[in-house]
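**Q** One structure is given below, represented as structure tokens, and several questions about it will come after.
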Amino acid sequence: MKAALDIKAADLQRLGVSKPYSHQLLAGGKSPSLALALKLERELGIPVSSWPLPAKRAANDDNSHDEAA
């Protein structure tokens, strides 16, 4: 099986991932959605578990402070 580090941006782009997003994924700045991770596993043989987990948002980072009171 391949690892996420074994693929190139062009591999992701062939599956419909945009060029900027493919570079962010490969640089570790973004994590794929579950749907995309499953597609990459199916199409490229990259296990879902090889991608880093998405960062959790802080409990107080819900944008509710932007709403009018």
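The values are calculated or read from the model by the stated rules, or taken from the named source; none is laboratory data. Since the structure is predicted, the reported quantities are computational estimates derived from the model, not experimental observations. Here Cβ is always computed from backbone atoms with ideal geometry, including for glycine, and neighbour counts include all displayed protein chains. These area figures cover heavy atoms from the full protein model, side chains too; ligands, DNA and RNA do not enter into them. Shrake-Rupley method; radii C 1.70, N 1.55, O 1.52, S 1.80 Å.
**Q** Please go through segment 6-46 and give me each residue that is touching a residue at least 40 places away in the same chain (Cβ under 8 Å) and either surrounded by fewer than 11 Cβ atoms within 10 Å (Cβ to Cβ) or not in a helix (DSSP H, G or I) (or both), ordered by number.
**A** GLY45, ILE46
**Q** Counting just the residues of segment 47-69 that are of a type outside the set (Ser, Thr, Tyr) and open to solvent by less than 60 Å² (accessible area, probe 1.4 Å), which one comes out modelled with the lowest pLDDT?
**A** ALA58
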